[in-house]
Amino acid sequence: MGLREYLLKRLVHSVFVMLFVVTVVFAAVRSIPGDPARLMLGGDVDTATLEALRAELGLNQPLYIQYFRWLRRLLTGDLGESIRTGEPVLGSIVQVAGPTLSIAALGMVIALVIAIPTGIISAVKRYEIEDYLSTTIAFFGISMPAFWIGIVLVLVIGVNVESIPTFGYTPIDEGIGPWFRSILLPSFAVGFPYGGILMRMMRSSMLEVLNEDYMRTARAKGLSSNLVLFKHGLQNALIPVVTLAGIFLAVVLGGVVAVEIVFGIRGLGRLLIGSINRRDFPLIQGTVLLIAFVFVLANIVVDLLYTMINPRIKYGGGD
Amino acid sequence: MTEPLLDVRGLTTSFETGQGRLTAVDDISFQIEEGEVFGVVGESGSGKSVTALSVMRLLDDAGTVEADEVRFNGTDLLSVSESEMRSIRGGEISMIFQDPMTSLNPVMTIGEQIAEVVRHHGDVGERTGFWSEMRRKYVTGTSEGSRSWQRAVELLETVGIPEPEKRATEFPHQLSGGMRQRVVIAQALAGDPSLIIADEPTTALDVSIEAQILNEILELSDEFGISVLLITHDLGVVRETCDRVAVMYASEFMETGHVDDIFDDPHHPYTEGLLASIPRIADEREWLSVIEGTVPDLIDKPSGCPFRDRCDYAFELCDRPLVEYEIEGSALETHTVRCHRENEHVKVDDSGHIESVPDEAVAALERRIEAESAHDADGSVSPTADASARADGGSRPSPAADAENGGDHGEY
Ligand code: SF4
């Protein structure tokens, strides 16, 4: 299978994954108690007004009609309008996607930069001080939720380092420096748990690789221990890590949503939580759809990477 | 006789385990001449592979290697620095491992796996520093115009791989098992070695290609004048390929000599037992059923003959330290046996069983133990053989003493 066919297949596959996700979300948001129309109008309203608003919003229709209507508009690229503000969902999302994606991306980079080297060191220096140290740090990363790390960072760094803001987001067009500083702490908060997971995976994967016959062959060829480790070991050790890195990306995305609240950043997470509170169905659906899209896209990239570093696999898996 | 290519004396390798000290190789000595094929045959766990890895200094930190001498081509392998040892590994001494599927790197092209040996040990003027190698691996790839790559292609052709240019760009999984082992052979030849250590080179292969691969190794070593240390559990392979052979049991060499001597005139009860059952031991799993009984525990191994629990001839001397007996009348090469039955005063009947053990036998054994100790001390490589070093070296036959000394033995 060529790269093109593979990509095509993956895309079709992704469409179904996302369709499944939105269907579940569609059903889920409607099964939670609370009526958007009643929330909009406040406590004391008469039934007629309520019914009128419900009709206006299309909420009086049977669920399956609502669902297919929404789906039909989705196919034309239309995510609908917020039932609260009447603004297009897509526009609201695009407005706040910047900070979220920035934080998620930088968080991933931070996680990788920390996890890959420490995972390797930990494996090579197994049961030595370096191993215990990095394992302990990783353990904290894994067991502390991102928002909690965020709070600690605000209290420790925010109070002591003035140049690093602990509140709000500065768009990138106001300067790379300010932008970077504004997302540094939240990114660290989401990257740390993810990095902890990756580091543990890197460590166990590298430990396995260190015992492989080809590593002994490499040493028997007279290569230096660094060459054995990085030329012969690294790529092999990364293979399982890359796959899992894609799956655990959910940790990052989940983390961002919570961390935005801690750092007072108006991002997708706040939008999502706000829309859930207001039972703004189209907005919830649109936001979740976008998050699912990012996740699916990232996993396609991961899959391509996996295929690149593992010559035994042809596109689409299998030998 | 000129100096042997590889001269190993009193090699002892042990591992610290949770249960105690495991002696994986116990005071073995052997010499490999130039151009010779020397076999080490034994069941799995007898210490064959550890012997090879000890000589190559490829054991990890857990293993302690001691020896009176491990001399290769005039170089004392135990005392050279790690970087000198690296230039010998893969260069003058190369290795072929058991399973070509796992011993080749799955994510590197065959060509590069061979070419890197050429670069590190040959004279092709290509950079071999860490960053040059990393760039080659992860950024640029190996240039197919480079001399090392071309040499790799040549070597693939030498070992009989069709379409070597194309094959060089492929990965190990794209080749059949036999082809993969040929690649491993090409890789072993790439550093222009004078000794190849082949550790069970055909065990993981299909029986139908076993003979081909063995022939390939033998023909090439013959052609290029390379000595071979062949490690195997297969006596049939030994008979077909080796000039001399050592029979290893429970980390010790029991009998060493020319293949014809060992096969036609075995002196050690263990060798006898093996030969009597040749048709049945082609398969490694059947080894243990060949001779009744089990291999002794190598952890805190007691002194005396390790075979005594399974030996039909065991008698009162067998828990004494073993000494080496040279078999007289051996036409071809020295033929040595470590078995108390060979004691000149012990009376043996026609069936080989012990008739009587006169007092002179015990006295003679003690003299021999004494003499071997003295010889060890004389042969010590320590240039300042003062009284204490002599005393250290003099206590070799006792494993207990081994654990304590080590002053003048290389240790890594
Ligand atoms: S020393 Fe004794 S036990 Fe060992 S092989 Fe010889 S006769 Fe048998």
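Structure notes:
- Residue satisfying condition, being in a loop (DSSP other than H, G, I, E, B) and either without any contact (Cβ under 8 Å) to a residue 40 or more places away in the chain or not aliphatic (A, V, I, L, M) (or both), within set B:R21, B:R57, B:R86, B:R71: B:R57
- Odd one out for A:G318, checked against (1) within 14 Å of chain B (Cβ to nearest Cβ); (2) touching a helix residue (DSSP H, G or I) at 6+ places or on another chain (Cβ under 6 Å); (3) at pLDDT below 85: (2)
- Those helices (runs of 4 or more DSSP H) lying entirely in region A:1-59 with at least 1 residues surrounded by fewer than 13 Cβ atoms within 10 Å (Cβ to Cβ): A:3-31, A:47-57
- Strands (runs of 3 or more DSSP E) (entirely within region B:202-268) containing at least 2 residues that are within 16 Å of the ligand (Cβ to nearest atom) and under 24 Å from B:S54 (Cβ atoms): B:244-249, B:252-258
- Just one of the listed residues (B:E66, B:E154, B:E165, B:E133) is at the interface with chain A (Cβ under 10 Å from one of its Cβ atoms) and modelled with pLDDT of 90 or more, and it is B:E133.
- Candidates B:T128, B:T142: the one that is buried (at least 20 other Cβ atoms within 10 Å of the Cβ) and part of a loop (DSSP other than H, G, I, E, B) is B:T142.
- When region B:89-109 is filtered for residues that are hydrophobic (A, V, I, L, M, F, W, C) and assigned to a loop (DSSP other than H, G, I, E, B), the ones remaining, listed by number, are B:F97, B:L104, B:V107, B:M108.
- Search result, residues across region A:196-214 that are within 15 Å of B:L104 (Cα to Cα) and surrounded by fewer than 20 Cβ atoms within 10 Å (Cβ to Cβ): A:L210, A:N211, A:E212, A:D213
- Members of region A:61-103 that are closer than 19 Å to A:V29 by Cβ, outside any helix (DSSP H, G or I) and among the β-branched types (V, I, T): A:I83, A:T85
- Total residues in region B:161-186, condition of a type in the set (A, V, I, L, M, F, W, C) and in a helix (DSSP H, G or I): 6
Quick grid of which residues meet (1) surrounded by fewer than 19 Cβ atoms within 10 Å (Cβ to Cβ); (2) assigned to a helix (DSSP H, G or I); (3) within 14 Å of another protein chain (Cβ to nearest Cβ):
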| position | (1), (2), (3) |
| --- | --- |
| A:A218 | no, yes, yes |
| A:N236 | no, yes, yes |
| A:R270 | yes, yes, no |
| A:P282 | no, yes, no |
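Yes/no matrix, rows are residues, columns are (1) within 20 Å of B:Q31 (Cβ to Cβ); (2) among the β-branched types (V, I, T); (3) near the ligand (Cβ under 8 Å from one of its atoms); (4) within 14 Å of chain A (Cβ to nearest Cβ):
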position	(1), (2), (3), (4)
B:P306	no, no, yes, no
B:D312	no, no, yes, no
B:C318	no, no, yes, no
B:Y325	yes, no, no, no
B:H335	yes, no, no, no
B:E344	no, no, no, no
B:D350	no, no, no, no
B:V357	no, yes, no, no
B:E366	no, no, no, no
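The values are calculated or read from the model by the stated rules, or taken from the named source; none is laboratory data. What you see is a predicted model, and the numbers here were worked out from it, not measured in a lab. Ideal geometry is used to build each Cβ from the backbone, glycine not excepted, and the neighbour counts take in all protein chains shown.
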